[in-house]
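Worksheet for the structure shown next.
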Amino acid sequence: DPRYQHCQETAKKCDYASCISLPLQDDEHTFGALVIFDTKPNAFGKEEATLLEELAGDLSYGIKNLRLQAERKQETEDRLMLAAVTEQTSDGVITFNPGGTIEYVNPSFIKLCGIPASEGVGVSVHNFECSKRNPEFYQAVKGTLETKSSSVGRFVNKDRSGKEHDIDARIAPVFDKSGQIVRYVVTVRDISQEVQMQRQLRQAQKMEALAALSRGIGRDFNNILAIILTHSEVGIIADSEGTSAQNSLLLIHKAALRGKKAIKQFMTINRQGEQSRQPVEVAAVVRTSMNLFSRTLPSTVKLKMDVTPDLGQISADPKQIHQVLMNLCTNAKDAMQVAGGILEIGLTNMEIPIERQHQYPELSPGKHIKLTMTDTGHGMDREALEHIFEPFYTTKGSGKGRGLGLSIAYGIIKNHGGAIDVNSIAGIGTTFVILLPQLEKVSSQQEKML
């Protein structure tokens, strides 16, 4: 064979006179060769060839086993690495067999669903507690089981406590080499924070538009009310003898005063710039406000306070901060009017580092004072949360409020350089969180210089 001419020439140079070559094979193909040379001519007879064939077979078997062991070791290492990643990932992962029986649930999914793994593994996905609580998500899983094809979607997942999470989910079958489905994998990602930030951005944009509108409306109404008030006062004085006309004018005058007060409140939503700002001890304002408000609470509502000492100061108008507290507390009291409950006020410090500023787009990095107000009232659904800070939006019945309290609170906090957010679960309660920039402490040496 001319292809091996160079090999023959090399063998002759080494004084080899004979050679035997035997294939090394596995079940599917030849992967090598066993080649033996000898200096004697015709050194490999039939008997030697038979023995060497057996040796080649043994070598083939040994090499095949070594390769299988190496592949298994690598596969085991890959599986262990994949298992470690799956256990530690922030994405929730759940797998179930073709019959729908859950085989594995990772810690992130357990946290998201709010149930232990022992209540998930071995349970049918059709009877899974998380499936029953979240029908839209379950229908997507069921659809993948029926069609045997992947699906993706965005859902609202409610955990065992009733808290809602916005999730992105992917449900997909896993196939073996023969094309048969061996299991299904569901991966979910909690995007609640991103959705909340989008909601806050929309709210801010909406409030800016409403603020511009209210400024124009407020000016026009104040001009109208000024005319009504001026002429009604003149009429009251001029008609001191005629009680009928005077009573009518008094009613007009009182109505105009109420309108003026409402406009003043409405204008608070969009008031720009600093008012009468001064260094304020928030803890003192909170204690004073709660002492006043506690007297209006029914016996079925309990007030609890947890205030961190030496909180520091903020630059604020104390009257407006008091108004925010009163508006929030009034809402909480109304929510617990029927069944009673607990109103908890918390006040503490909070640092926002630069690397976490993206979580608080409305705030600057640095020290803040955090106020939380939690009630155990009837709570709100997601639709109410979407509109809760809008002027004239109210969940109360007719005649029980104009729907300006929370929008005024929103405007005041925004004008103080802070942020306000709310989380609520229907039937559980509501929590408002307010963050206000903390003033830098002035040292005693700096005070002397001042």
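Suppose we keep only residues that are hydrophobic (A, V, I, L, M, F, W, C) and not in a helix (DSSP H, G or I) within the range 6-29. Which one would you say is nearest to the chain's Cα centre (by Cα)?
From the range 6-29, those hydrophobic (A, V, I, L, M, F, W, C) are 7, 11, 14, 17, 19-20, 22, 24; that's our starting set.
If we keep only those that are not in a helix (DSSP H, G or I) too, we end up with 14, 17, 19-20, 22, 24.
Numbers: Cys14: 76, Ala17: 79, Cys19: 74, Ile20: 72, Leu22: 66, Leu24: 59 Å.
Per the stated criteria, the residue is Leu24.
So which of Arg189, Arg199 is within 25 Å of Gly99 (Cα to Cα) and either out of contact with any Cys (no Cβ under 6 Å at 6 or more places or on another chain) or surrounded by fewer than 18 Cβ atoms within 10 Å (Cβ to Cβ) (or both)? Walk me through how you get there before you give the answer.
Values: Arg199 fails: within 25 Å of Gly99 (Cα to Cα).
Just a single option satisfies the conditions, and that option is Arg189.
Where residues in the range 279-326 are of a type in the set (S, T, N, Q) and within 33 Å of the chain's Cα centre (by Cα), which of them is surrounded by the fewest Cβ atoms within 10 Å (Cβ to Cβ)? Spell out the reasoning first.
Going through the range 279-326, the residues of a type in the set (S, T, N, Q) turn out to be 288-289, 291, 294, 296, 299-300, 308, 313, 315, 320, 323.
Within this subset, residues satisfying the condition of being within 33 Å of the chain's Cα centre (by Cα) are 289, 308, 313, 315, 320, 323.
Numbers: Ser289: 20, Thr308: 13, Gln313: 18, Ser315: 15, Gln320: 23, Gln323: 18.
Applying the filter and picking the extreme gives Thr308.
Regarding the range 283-291, can at least one residue be identified that is in contact (Cβ under 8 Å) with a residue 40 or more places away in the chain and in contact with a Ser or Thr (Cβ under 9 Å, 6 or more places away or on another chain)? Step through it out loud before you land on a result.
Initial filter on the range 283-291 (in contact (Cβ under 8 Å) with a residue 40 or more places away in the chain): 283, 285-286, 289-290.
Next cut, in contact with a Ser or Thr (Cβ under 9 Å, 6 or more places away or on another chain) only: 283.
Yes.
Among the residues of the range 386-438, count how many are surrounded by 21 or more Cβ atoms within 10 Å (Cβ to Cβ), more than 14 Å from Asn327 (Cβ to Cβ) and modelled with pLDDT under 85.
Residues meeting the conditions: 0.
Which condition number does Ser192 fail, the rest of (1) among the small types (Gly, Ala, Ser); (2) in contact with a Ser or Thr (Cβ under 6 Å, 6 or more places away or on another chain); (3) under 16 Å from Gln359 (Cα atoms) being met?
Here Ser192 clears every test but (2).
Of all residues in the range 131-168, how many are in contact with a helix residue (DSSP H, G or I) (Cβ under 8 Å, 6 or more places away or on another chain) and closer than 23 Å to Ser90 by Cα?
So in the range 131-168, the residues in contact with a helix residue (DSSP H, G or I) (Cβ under 8 Å, 6 or more places away or on another chain) come out as 131-132, 137-138, 141, 150-151, 153, 155-160, 164-167.
Retained after the next criterion (residues that are closer than 23 Å to Ser90 by Cα): 131, 137-138, 141, 150-151, 153, 155-160, 164-167.
Number of matching residues: 17.
Looking only at the range 28-47, decide whether some residue is surrounded by 13 or more Cβ atoms within 10 Å (Cβ to Cβ), touching a Cys at 6+ places or on another chain (Cβ under 9 Å), at pLDDT 85 or above and β-branched (Val, Ile, Thr).
Yes; the residues of the range 28-47 include at least one that is surrounded by 13 or more Cβ atoms within 10 Å (Cβ to Cβ), touching a Cys at 6+ places or on another chain (Cβ under 9 Å), at pLDDT 85 or above and β-branched (Val, Ile, Thr).
Regarding the range 161-182, can at least one residue be identified that is touching a Pro at 6+ places or on another chain (Cβ under 9 Å), assigned to a strand (DSSP E or B) and surrounded by 15 or more Cβ atoms within 10 Å (Cβ to Cβ)?
Pass one, the range 161-182, residues touching a Pro at 6+ places or on another chain (Cβ under 9 Å): 173, 180-182.
Now drop any that are not assigned to a strand (DSSP E or B), which leaves 173, 181-182.
So of that shortlist, the ones also surrounded by 15 or more Cβ atoms within 10 Å (Cβ to Cβ) come out as 173.
Among the residues of the range 161-182, at least one is touching a Pro at 6+ places or on another chain (Cβ under 9 Å), assigned to a strand (DSSP E or B) and surrounded by 15 or more Cβ atoms within 10 Å (Cβ to Cβ), which makes the answer yes.
Please determine whether any residue of the range 351-369 is closer than 30 Å to Gly427 by Cβ and at pLDDT 90 or above.
Step one: of the range 351-369, the residues closer than 30 Å to Gly427 by Cβ are 359-360, 362.
In the following step, the residues that additionally are at pLDDT 90 or above were identified as none.
For the range 351-369, residues closer than 30 Å to Gly427 by Cβ and at pLDDT 90 or above: absent.
The values are calculated or read from the model by the stated rules, or taken from the named source; none is laboratory data. In this text, all values refer to a predicted model and were calculated from it rather than measured experimentally. Reconstructed Cβ throughout: ideal geometry from the backbone, glycine too, with neighbour counts over all protein chains shown.
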